[in-house]
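Participant: Attaching a single structure in structure tokens format; questions to follow.
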Amino acid sequence: MVKPKTLNFEDLTLKYLNQNTSLEDLKKLLVKLKEKENVELFKSYIKTNYYSLYVLNDIDRKDIIKVIKDKIDLERKNSIRKSFIKKTFKYAALFFLVLGLGYYIKSTQQNITVEEKIVPKADDIVLETENGEQLIIEKKEKNLKIDPKINLLQKANKLVYDKDLKIEKLVFHSLKVPYGKRFDIVLSDNSRVYLNSGSILKYPVKFLDNQIREVFLEGEAFFDISEDEKNIFRVNSNGINVEVYGTKFNFKNYPEDYVSDVVLVNGSVGISNTENKSITKLTPGFKGSVDKENFIVEKVKINTKLYTSWIDGQVVFRGESFNQIIKKLERLYNVTIINNNEKISEELFNATIDTEEEKIEDVLNYFNKIYNIEYQVYNNKIIIN
């Protein structure tokens with residue numbers, strides 16, 4: 001009589017990773033995984049055969065525990081005896097650490113993940129006062145009393161500052177808009193600023209007479225500036241200044257951008273920096289692109305709607321690389337995207353997205369359908385392969 005082959009640790013591991021283990025195999029594997037060296041060996045099999053090192057390093061313990069709990073529930077429903085679960089529960093921590101990863105990775109390869117839904121992070125819009133006090137801005141109408149002299153009116157997604165505030169010195173507020181959200185401010189001179197995702201605007205609660213009306217921007221904003229012949233309006237963004245003479249324009253200058261863009265819709269603006277006093281003037285329908293390293297300004301005739309439609313919830317890509325699009329999608333939807341497909345990184349794409357109607361899944365499915373770009377979701381991260 002031929003004796004059945006005794007499976008060693010390697011055999012058991014490979015069977016497990018291929019989802020071909022019996023109940024008895026699982027019991028044997030659990031026993032062997034009590035030994036630390038076997039745990040490390042098991043993890044090395046996963047790294048080598050089933051997933052990229054980048055993603056493996058990014059896995060955290062609670063995610064693996066969740067996966068295993070779901071797997072245990074599934075096994076229970078498939079008639080694994082409760083006595084087995086109880087008996088092996090003392091090995092649960094070890095089991096969670098390594099076995100769950102194998103099941104999770106195998107399931108992602110088959111596009112059957114436990115976490116398939118993308119949930120944007122719930123960051124808040126924050127108003128910070130000059131003394132450092134922070135207020136969470138919610139989308140509803142109410143009066144905000146900062147101190148006895150400063151009252152604000154909030155109307156849904158807009159803050160309105162009173163031009164009649166009794167203030168005789170400059171007092172600054174900062175509004176921080178996180179990824180995935182937009183917000184508007186009506187300044188004390190009735191100028192309106194539309195802030196895009198991932199942006200911060202620092203501004204006086206009231207502009208003073210006979211002084212430059214200066215605000216400070218990080219990120220992107222559309223400015224609709226009220227005319228005032230006596231007091232110039234200036235936007236300062238990390239050393240790049242835009243002087244305004246009653247106009248509408250878009251200014252984009254995120255810290256990670258190599259080039260800052262100023263798009264003039266109407267009126268007149270002048271672009272300069274704090275070190276170089278020379279001014280480059282724009283006329284309506286032109287974009288001024290500022291190379292941040294050497295401050296060379298390139299003027300180009302453009303269709304302004306391509307750069308300002310985000311105000312109405314539409315984002316237009318024309319001849320933009322996939323890497324550029326990814327960064328914008330992260331800002332728009334407050335998600336993290338990891339691109340492992342180097343072939344498409346610098347490919348150029350055209351697309352129009354309605355952020356009011358289309359979720360990030362809709363956008364990714366569009367790219368998948370039209371350009372055959374595949375993606376998976378893990379731990380609320382979008383991984384493109």
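Participant: Of everything in segment 200-210 that's touching a residue at least 40 places away in the same chain (Cβ under 8 Å) and not basic (Lys, Arg), which residue is surrounded by the most Cβ atoms within 10 Å (Cβ to Cβ)?
Facilitator: Restricting to residues being touching a residue at least 40 places away in the same chain (Cβ under 8 Å) and not basic (Lys, Arg), the top hit is Val205.
Participant: Which condition from (1) touching a Phe, Trp or Tyr at 6+ places or on another chain (Cβ under 9 Å); (2) acidic (Asp, Glu); (3) over 22 Å from Leu201 (Cα atoms) is the one that Glu298 breaks?
Facilitator: So the condition that Glu298 fails would be (1).
Participant: Still on this structure: If you check Lys202, Lys206, which single one turns out to be within 25 Å of Gln154 (Cα to Cα), in a loop (DSSP other than H, G, I, E, B) and either touching a strand residue (DSSP E or B) at 6+ places or on another chain (Cβ under 6 Å) or in the same structural domain as Lys169 (by TED's automatic domain parsing) (or both)? Please lay out each step first, then the result.
Facilitator: Details: Lys202 fails: in a loop (DSSP other than H, G, I, E, B).
The unique qualifying residue is Lys206.
Participant: So which residues in segment 316-358 are buried (at least 16 other Cβ atoms within 10 Å of the Cβ), touching a residue at least 40 places away in the same chain (Cβ under 8 Å) and assigned to a loop (DSSP other than H, G, I, E, B), if there are any at all?
Facilitator: Answer for segment 316-358, where residues must be buried (at least 16 other Cβ atoms within 10 Å of the Cβ), touching a residue at least 40 places away in the same chain (Cβ under 8 Å) and assigned to a loop (DSSP other than H, G, I, E, B): Asn334, Val335, Thr355.
Participant: Name the single residue, out of those in segment 219-246 being at pLDDT below 95 and at positive phi, that is nearest to the chain's Cα centre (by Cα).
Facilitator: Asn238
Participant: Would you mention how many residues in segment 366-385 are free of Cβ contacts under 8 Å to residues at least 40 places away in the same chain and under 18 Å from the mean Cα position of the chain (by Cα)?
Facilitator: Qualifying residue count, segment 366-385: 1.
Participant: Continuing with the same structure: Taking segment 271-293, which residues are within 29 Å of the chain's Cα centre (by Cα) and part of a loop (DSSP other than H, G, I, E, B)?
Facilitator: Correct list: Lys292, Glu293.
Participant: Scan segment 375-385 and tell me whether some residue there is within 19 Å of Asp261 (Cα to Cα) and in contact with a helix residue (DSSP H, G or I) (Cβ under 7 Å, 6 or more places away or on another chain). Before the answer, list the steps.
Facilitator: Taking segment 375-385 and keeping what is within 19 Å of Asp261 (Cα to Cα), we get none.
No, the conditions are met nowhere in segment 375-385.
Participant: For segment 102-116, check the following and say yes or no: at least one residue is of a type outside the set (S, T, N, Q), part of a loop (DSSP other than H, G, I, E, B), exposed (fewer than 12 other Cβ atoms within 10 Å of the Cβ) and modelled with pLDDT under 75.
Facilitator: At the first step, the residues of segment 102-116 found to be of a type outside the set (S, T, N, Q) are 102-106, 112, 114-116.
From the residues that got through so far, the ones that are part of a loop (DSSP other than H, G, I, E, B) too are 112, 114-116.
Now narrow it down to the ones that are exposed (fewer than 12 other Cβ atoms within 10 Å of the Cβ): 112.
Okay, now just the ones that are also modelled with pLDDT under 75, so 112.
Taking every residue of segment 102-116 in turn, at least one turns out to be of a type outside the set (S, T, N, Q), part of a loop (DSSP other than H, G, I, E, B), exposed (fewer than 12 other Cβ atoms within 10 Å of the Cβ) and modelled with pLDDT under 75.
The values are calculated or read from the model by the stated rules, or taken from the named source; none is laboratory data. The structure presented is a predicted model; accordingly, all values stated were derived computationally and were not measured. Cβ coordinates were reconstructed from backbone atoms using ideal geometry, including for glycine residues, and neighbour counts include every protein chain displayed.
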